[in-house]
1. Which residues, counting only those in region 83-96, are of a type outside the set (A, V, I, L, M), under 17 Å from the mean Cα position of the chain (by Cα) and at pLDDT 85 or above?
2. Of all the residues that make up region 20-45, how many are farther than 24 Å from Ile91 by Cα, assigned to a helix (DSSP H, G or I) and in contact with a helix residue (DSSP H, G or I) (Cβ under 7 Å, 6 or more places away or on another chain)?
3. Across region 97-114, what is the total count of residues that are charged (D, E, K, R) and within 14 Å of the chain's Cα centre (by Cα)?
4. Picking from Phe108, Phe83, which residue would you name as being of a type in the set (Phe, Trp, Tyr) and within 17 Å of His26 (Cα to Cα)?
5. Looking for something among the aromatic types (Phe, Trp, Tyr), more than 13 Å from Thr77 (Cβ to Cβ) and in contact with a Leu (Cβ under 7 Å, 6 or more places away or on another chain) - is there at least one such residue anywhere in region 24-33?
6. With the requirement that a residue be within 30 Å of Asn15 (Cα to Cα) and without any contact (Cβ under 8 Å) to a residue 40 or more places away in the chain, what does region 69-100 give you?
7. Could you tell me which of the residues Leu96, Leu35 is of a type in the set (A, V, I, L, M, F, W, C), on the phi < 0 side of the Ramachandran plot and exposed (fewer than 13 other Cβ atoms within 10 Å of the Cβ)?
8. So which residues in region 40-56 are surrounded by 15 or more Cβ atoms within 10 Å (Cβ to Cβ) and either β-branched (Val, Ile, Thr) or closer than 12 Å to Asn20 by Cα (or both)?
Amino acid sequence: MLEFHREWVDLGYINVNSINVCTLDHPAMYSLKSLPNWKKKQIEVAYREHLVWLETRKASTRTTQQFIDAVSFMNDTDNGDRFANSLDFAIVNNKLDKLRNENFWEVFPEHTDMKEYINGFNTL
């Protein structure tokens, strides 16, 4: 989402404030709250970098606050090193991969560090 936002603003397709950040709470397997803490830290770093970029684009307080709120929402739950709902996530995504004739890892290569968790192993 962050890359998408930057690209569309830089290409002039949208104004920097033409975004609404909606945090997903349900189904739980897709919520940022379900991620292990180490992955949340990676996401938080990306959001913090995006906030710096928003500042250079003179984004409104409303826009920047949405990104800050998303990080707070994500960090509301402490999962330690486990990915809550990982088995549900794996089952649903495997079904979706078959239906769409896609591969999750090819569509979202940035998440290969979650492969063991998403496959339901939670071995780390």
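1. Phe83, Phe89, Asn93
2. Total meeting the criteria: 1.
3. Adding up the residues that qualify gives 2.
4. So the residue among Phe108, Phe83 that is of a type in the set (Phe, Trp, Tyr) and within 17 Å of His26 (Cα to Cα) is Phe83.
5. The answer is yes; a qualifying residue exists.
6. Val71, Ser72, Asn75 - these are the residues of region 69-100 that are within 30 Å of Asn15 (Cα to Cα) and without any contact (Cβ under 8 Å) to a residue 40 or more places away in the chain.
7. Just a single option satisfies the conditions, and that option is Leu96.
8. Ile43
The values are calculated or read from the model by the stated rules, or taken from the named source; none is laboratory data. This structure is a prediction, so every number in the text was calculated from the model and none was measured. Here Cβ is always computed from backbone atoms with ideal geometry, including for glycine, and neighbour counts include all displayed protein chains.
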